[in-house]
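The values are calculated or read from the model by the stated rules, or taken from the named source; none is laboratory data. Since the structure is predicted, the reported quantities are computational estimates derived from the model, not experimental observations. Because the Cβ atoms are built from the backbone with ideal geometry, glycine has one as well, and the counts that use them run over all protein chains shown. Surface areas here come from the heavy atoms of the whole protein model, side chains and all, with no ligands, DNA or RNA. Shrake-Rupley method; radii C 1.70, N 1.55, O 1.52, S 1.80 Å.
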Number of protein chains: 2
Amino acid sequence: MLKKEIQTEQKILEAARKVFQRSGIGGARMQEIADEAEINKASLHYYYRSKEKLFQTVFQEDFHQFMIPQFKIMRDPSLSLEERIRTFITSYSETMVENLHLPLFILHEISRNPDRLVYLVKGKMGMIADEDNVSEIQIPTAFARQIREGINRGDYHEVDPEQYIISLISMCVFPFAGRPMVKFFFNKDDEQYREFMQKRQDEIIDYAFRILLKGYQPGKSVASKGKG
Amino acid sequence: MLKKEIQTEQKILEAARKVFQRSGIGGARMQEIADEAEINKASLHYYYRSKEKLFQTVFQEDFHQFMIPQFKIMRDPSLSLEERIRTFITSYSETMVENLHLPLFILHEISRNPDRLVYLVKGKMGMIADEDNVSEIQIPTAFARQIREGINRGDYHEVDPEQYIISLISMCVFPFAGRPMVKFFFNKDDEQYREFMQKRQDEIIDYAFRILLKGYQPGKSVASKGKG
DNA sequence: TGTTGAATTAACCATTCAGTCAAACTATCT
DNA sequence: AGATAGTTTGACTGAATGGTTAATTCAACA
């Protein structure tokens, strides 16, 4: 009984995730989700009182999947800044490759209702940070500050740290949000696209270091594992 | 009479654009568009038989605004490749700053229905190109080929041209698609965001050249106007 | 095997919304 | 003024869809 309940709930969430990511909250139909989960529409409401409630559950999970690993990396004190940049890029790309619809879904729903950000971040992202007095919201800012320190030390080129961080994220995320266009204009099928995005990781890491590091040469490179 | 007709049609298109960009085709309401245009809903249908028809008209215009200037630049034979990169970035950013909702709107609607791309591009983009045998669809590919030539000549670093082009577009477009997050995590209000995106242009140009050009130094730089 | 509470279902309800229609209005020309 | 063609409008329709309900099934247990 209990087992069945959990199993059904899980089926619903998976189905809902698929449908919501494909169509957004507006385009999704409760009937469609029910069909996808192979249950009756009334049962769907039995488990999740309303569409909005169901959506929030799914969206919160997705949002965290989209954000938390990256946030963890940005402030991981066991990694040098260069290693963090490298890991940030691979981790981000990996998440997206495994979940192609995620980026656009997140972007679109956040844009439709930016206020969600406040409780989404404050809500469950408290699981990271809080060891010292850096709240999760300030992680990007803190990361930017560390880049600035590197610049001041003379290790890095003169970049605007905030612009630099956003550029990293852009290069990781955008090609997934614009997948149909990438495929269309560079004439790639699904498999070629996947391969292209897989290769892209190393390419972006290279770009990231060319932009930031003084005297960077792709050959000698920066440590790819272990401390720098 | 004729004058009034045109004027109404224009009002409808502006209203529809605003509502569609805000809510997408699914979220938009014909009544809302009618209200925005200050006409009766029946009149709306008098001018545009259906929602889909109205949407297509608006979307096609928006798509072209989003694409054509950049395509023109990519293949402008009067500019050197470096100048084209520079112009590409400023032109793209300029378009986005003036129309903040455009990128996400395009991305979302293309993603919802990728088949549109075929007739959208073949449809009206024939206005560019066709002088020689480079069709508009092949412009990015052609642009990539020219980068490759530069690499082979030894002028540029070893980059994957397709990845490079997509990175340029990413850095230009993504921060607009992710505007709420940029604002939220770097704590900017509308004005600060705007300023940030304005400054960003030069920053990206710098990044683009650091990635591509051998021996690039932001100081000496590449010609900012005229032939290189 | 009968009782109980949770899970499932078909049928139904209420609302929203794109699209239609016929009547009314307006401008222009004769 | 009357006729004509183009435009506007309120009222309406039908389909889609989120959500409810009451009856039924099912699983567990005494």
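The A-B contact accounts for roughly 4800 square angstrom of buried accessible surface, both chains included, probe 1.4 angstrom.
Solvent-accessible area per residue in the protein assembly as shown equals 48 Å², computed with a 1.4 angstrom probe and all protein chains kept. When you filter the trypsin sites (Lys or Arg not before Pro) in the stretch A:1-70 for DSSP loop state and at most 13 other Cβ atoms inside 10 Å of their Cβ, you are left with A:29, A:49.
Around residue A:101, what is the net charge, scoring Lys/Arg as +1 and Asp/Glu as -1 over all other residues with Cβ under 10 Å from its Cβ?
Values: positive: A:17, A:18, A:22, A:179; negative: A:62.
Neighbour charge sum, excluding residue A:101 itself: +3.
Remark on the stretch B:174-199: accessible area falls by at least 40 square angstrom from chain-alone to full-complex state for B:174, B:180, B:181, B:184, B:185, B:186, B:196, probe 1.4 angstrom. Considering only B:23, B:186, B:211, the residue lying farthest towards the positive end of the dipole of the protein assembly as shown is B:23, judged by Cα position with unit charges set on Cβ. In this Cβ point-charge picture (+1 for Lys and Arg, -1 for Asp and Glu), chain A has a dipole of about 160 debye about its Cα centre.
Rounded to the nearest 10 degrees, the inclination of helix B:81-98 to the longest alpha-carbon principal axis of chain B is 30 degrees.
Quick one: compute a quarter of the convex hull surface over the Cα atoms of the protein assembly as shown and quote it in nm².
On the way: hull surface 105.2 nm².
The Cα convex hull of the protein assembly as shown, projected and averaged over all directions, gives 26.3 nm².
Among the listed pairs B:18/B:41; A:18/A:72; A:51/B:41, give every one whose C-alpha distance is greater than 18 Å. Pairs exceeding 18 Å: A:18/A:72; A:51/B:41. Sorted shortest first, the distances from the residue A:43 label point to those of the same residue in the other copies are 5.1 nm; each point sits 7 Å from Cα along Cα-to-Cβ. Surface composition of the protein assembly as shown: carbon plus sulfur atoms hold 48% of the accessible area, using a 1.4 angstrom probe and ignoring ligands, DNA and RNA.
For chain B, the mean residue ellipticity at 222 nm estimated from helices alone is -23500 deg cm²/dmol, where every DSSP H run of n ≥ 4 contributes -39500 (n - 2.57) and the total is divided by all residues, rounded to the nearest 500.
What residues does the stretch A:100-120 have that are buried by at least 30 Å² of accessible area in the full protein assembly compared to the chain on its own, 1.4 angstrom probe? Residues shielded by partner chains are A:104, A:107, A:108, A:111, A:117.
Cα extents for chain A along the principal axes, largest to smallest and rounded to whole angstrom: 64, 48, 32.
Starting from the label point of residue A:217 at 7 Å along Cα→Cβ, the same points in the other copies fall at 1.9 nm, in ascending order.
The GluC sites (Glu not before Pro) of the stretch A:13-112 meeting both criteria, a DSSP state outside H, G, I, E and B (loop) and at most 15 other C-beta atoms within 10 angstrom of the site's C-beta, are A:38.
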